[in-house]
Amino acid sequence: MSEATVERFLAELAHQRGLSPHTLAAYRRDLDLLAAGSDGRSLETLQAHDLRRQAMRLHGRGLSPRSVARTLSAWRAFYRWLARRGALAIDPCAGLRAPKRPRALPKALRPEQAGALLDAAAGDDALAVRDRAMFELFYSSGLRLAELVSLDVQGGLDLSAGEVTVTGKRGKTRTVPVGRKATKALEDWLDRRDTLAAADEPALFVSRRGRRLSARAVELRLTQWARKSGLGQHVHPHMLRHSFASHVLQSSGDLRAVQEMLGHASIATTQIYTHLDFQHLAKVYDNAHPRAHKK
């Protein structure tokens, strides 16, 4: 591959796609990486197995899956450009895939953090009573945000039985337990709800205007609640669902039950919480085992 070929490729990117100098410089670096690992061979002569080997080398050097994917994107663009110009019979990048990115573990509060958040005094006005009921129910039952805001006063909540029925993804209905503290918080809210709710509003949780509370409003209220509690970190609604799952799994070890309560269609989705559980155990081990301490 001649330098002139690269320059023509980059010039077309700049002209046709209006890429910035910074992006063009990144493309050049990615192509330089490819050339450096090609043992002096012209890039036009490389085949699919050559590019796969180079991608594996990058991964083996410690580049993150995101960085490898970006590099492969530059290579693909270059070879597509060559193919359009008739310089290649077969595009060697066809079918070339980046290594899978590791799935990010969901963030969960520690049990004592969840307790501090929910036990924090935040007033006794109607809005504070409503918020406490919402957040206790989140943590108690592992609901999704959309499931919580869609709850109505009639039909879903059965405090006498200590359970709530919600409709989740793909229209799947499930019934999950409601804990003692959440039940008490919900009872307190139902005693106050009529002071806010419009007469024809069916929603369980309503805004100060008397209408169904939006998902965004719940997020904002939880952010304020966490800040006032002195927790020292941002808390979003899904974090309470993650905390519910990881804490139940840590205590019970029953992955199938957690799957049912979360409403996951596949247990593979729930298994991510086993990694959270292992992280907790590994930390305990590192802190407690006499031969685990780093020198």
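Any read-out appearing in this document is the output of simple, stated calculations on the displayed coordinates, not a laboratory observation. No experiment lies behind these values; they were computed from the predicted model shown. Neighbour counts are summed over all protein chains in view; Cβ atoms, including those assigned to glycine, are modelled from backbone coordinates with ideal geometry.
Here is how the numbers come out for the structure above:
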{"item": "Distance between modelled label sites at Thr195 and Val153, nm, 7 Å Cα→Cβ extension", "result": "1.5"}
{"item": "Proximal aspartates and glutamates relative to Lys172, as straight alpha-carbon distance under 20 Å, when same-chain residues fewer than 8 apart are discounted", "result": "Glu147, Asp152, Asp158, Glu163, Glu260"}
{"item": "Rounded Å value of the spacing that divides the Cα centres of region 150-179 and region 194-245", "result": "17"}
{"item": "Förster radius 25 Å - calculated FRET efficiency between Arg170 and Arg209 (Cβ-Cβ, nearest 0.05)", "result": "0.20"}
{"item": "Charge dipole magnitude, Cβ of K and R +1, D and E -1 - region 73-211, Cα centre, debye nearest 20", "result": "1580"}
{"item": "Value of Rg/Rh across region 18-172 [Cα atoms, Kirkwood radius]", "result": "1.29"}
{"item": "Pairs from Lys184/Lys228; Lys107/Lys184; Lys169/Lys228 whose Cα-Cα separation, in the structure shown, is over 24 Å", "result": "Lys107/Lys184; Lys169/Lys228"}
